[in-house]
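Computed from the coordinates by the stated procedures, all read-outs in this text should not be read as laboratory data. Keep in mind that this is a model prediction, so the values were computed, not measured. Methodologically, a virtual Cβ is constructed for each residue, glycine included, from the backbone with ideal geometry; neighbour enumeration extends over all protein chains shown.
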Amino acid sequence: MQRTSILKLASATAVCIALSAFAAGPSLAGVHVDIGIALTPPAERVEVVPVRPHEGWVWIGGHWGRRAGNWVWVDGRWANPPRRGGAWVRGHYNRRGEWVEGHWR
């Protein structure tokens, strides 16, 4: 789910809660609701890198990804560069919280 979708969902939920409290009258006046949404991934995991399967292969480290609104760890793996001397540029999250895929350079 993209950050804008999460923010819209959180805003809509807050509006519904506020309207419910208003409609119910003074009995809910003291109700406080916190909505927590983890927009940034958890801390990186330390991976144990297995033995290189073939000469020239490059380790592509694992990263956190989103699946069904939850953070899931995507394990690292060995990969054969598309050309000799190819270097892997690691994927990252940009300032808007969007995943930018890694690629070969």
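Rounded to the nearest whole Hz, the Karplus-based 3J(HN,Hα) values (6.51 cos²θ - 1.76 cosθ + 1.60, θ = phi - 60°) of segment 62-74 follow the sequence x, 7, 7, x, 10, 9, 6, x, 10, 7, 10, 7, 9, with x at glycine and proline.
Work out, step by step, the length gained on full extension between Trp71 and His54: first 0.36 nm times the residue separation, then minus their alpha carbon distance; give nm to one decimal. Walk me through the numbers before you get to the answer.
On the way: separation 17, 0.36 × 17 = 6.12 nm, distance 3.14 nm.
Additional length available on full extension: 3.0 nm.
Assigning unit charges at the beta carbon (Lys, Arg +1; Asp, Glu -1) and nothing else, what dipole magnitude in debye, to the nearest 20, does segment 56-105 show about its Cα centre?
Details: 9 positive and 3 negative charges, 29 e Å.
The dipole of segment 56-105 has a size of about 140 debye.
The amide H of Tyr93, built 1.01 Å from its N in the peptide plane, has Val100 as neighbours under 5 Å, considering only residues 5 or more places off or on other chains. Mind grabbing the base-10 log of I(q)/I(0) for segment 39-104 at q = 0.16, 0.24 Å⁻¹? Debye formula, identical points on the C-alpha positions, no solvent, two decimal places. Debye curve over Cα of segment 39-104, log10 I(q)/I(0) at q = 0.16, 0.24 Å⁻¹: -0.62, -1.10. Other residues within the sphere of radius under 12 Å centred on the Cβ of Pro81, judged by their own Cβ, net out at +2 (K and R +1, D and E -1).
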